[in-house]
Amino acid sequence: MRIDKYLKVSRILKRRTVSKELADNDRIEINGRIVKPSHEVKAGDTVAITFGNRRLEIRVLSTEEVRKKQEAASLYEIISETRIEQA
């Protein structure tokens with residue numbers, strides 16, 4: 001599944017256009033590499049997303065298409081969530 005679609009399906013981000021924009025601005029990394037919106041994500045990958053002054057790292061557990069909000073949280077586990085200090 002594409003990373004922009006995965007972030008929408010897993011409900012980490014509300015809109016696919018937002019995830020596409022983050023990837024276009026080099027704010028999404030998979031396994032330590034900056035990726036484009038079309039990059040394929042698979043189970044076991046580590047995804048880091050930087051939005052604003054917040055950085056979220058998750059581990060992908062599944063790339064299934066889910067329909068319910070309660071099931072969406074089972075697609076990933078949060079590794080860390082940190083604030084980035086502005087200079």
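Listing for the model above:
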read-out	value
Count of the stretch 23-53 residues which are modelled with pLDDT under 95 and of a type in the set (A, V, I, L, M, F, W, C)	3
Those strands (runs of 3 or more DSSP E) lying entirely in the stretch 5-87 with at least 3 residues of a type in the set (Lys, Arg)	54-60
Residue in the stretch 16-38 that is touching a residue at least 40 places away in the same chain (Cβ under 8 Å), surrounded by fewer than 18 Cβ atoms within 10 Å (Cβ to Cβ), touching a helix residue (DSSP H, G or I) at 6+ places or on another chain (Cβ under 6 Å) and of a type outside the set (Val, Ile, Thr) present	no
Which numbered condition Glu77 fails, given (1) in contact with a Phe, Trp or Tyr (Cβ under 8 Å, 6 or more places away or on another chain); (2) surrounded by fewer than 19 Cβ atoms within 10 Å (Cβ to Cβ)	(1)
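The values are calculated or read from the model by the stated rules, or taken from the named source; none is laboratory data. The structure displayed is predicted, hence computed values, not measured ones. Note that each Cβ is placed from the backbone with ideal geometry, even for glycine, and that neighbours are counted across all protein chains shown.
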